[in-house]
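Engineer: Can you read through this structure? Questions will come right after.
Quick note: the coordinates plus some simple rules give every number you see, no bench work behind them. A quick note: this is a predicted structure, and the numbers were derived from the prediction, not measured. Neighbour counts are summed over all protein chains in view; Cβ atoms, including those assigned to glycine, are modelled from backbone coordinates with ideal geometry.
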Amino acid sequence: MELTGRIIAVLPANSGVSARTGNPWMSQEYVIEVPGTYPRKCVFRIFGEDRIKQFNIQNGEDLTVQFDIDAHEYNGRWFNEIRAFNILRGQAQQPVAAAPEAAPFPPQQNAAAAPFPPAQEPAAEGSTDDLPF
């Protein structure tokens, strides 16, 4: 999956030592804003000091983020994680995740056609149709 937008926040890097392997780790989160009629924001994470330095993401930069989404459970609650694996700069394409804007109503075949059917004449007294309209 991918999103194209502008970086609006670069959050502080997190680091530590893995309890399982004893190896050091580093991750950093960024907020990207996808333009449109109703702009959307998404937080994504880059894992690994080498990738953080390689991508060198700056606030206000326009870029395309390629990412994977995964969920994990912690204390009975589920959390989503959006992990970026590639950053593309200079992409002039539309965001893939953004839905194309569609007209709210399909064009009418007949311009003289009203949006509602014409009112029905009242039924005769002996009619089986007892609806008031």
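Engineer: Could you tally the net charge around residue 61, taking each other residue with its Cβ under 10 Å from the Cβ of residue 61, Lys/Arg +1 and Asp/Glu -1?
Structural biologist: +1
Engineer: Note down the nm distance, to one decimal, between modelled labels 7 Å out along Cα→Cβ at residue 72 and at residue 59.
Structural biologist: Label at residue 72, label at residue 59, 2.8 nm between them.
Engineer: Once phi is turned into ³J(HN,Hα) by the Karplus curve 6.51 cos²θ - 1.76 cosθ + 1.60 with θ = phi - 60°, what whole-Hz value does each residue of region 64-78 show in order, with x for glycine and proline?
Structural biologist: Running phi through 6.51 cos²θ - 1.76 cosθ + 1.60 with θ = phi - 60° gives 10, 10, 9, 8, 10, 10, 9, 10, 9, 9, 9, 6, x, 10, 9 Hz.
Engineer: I've got another one for you. By what distance, in whole Å, do the Cα atoms of region 2-89 stretch along each of the three principal axes, largest value first?
Structural biologist: 45, 33, 19
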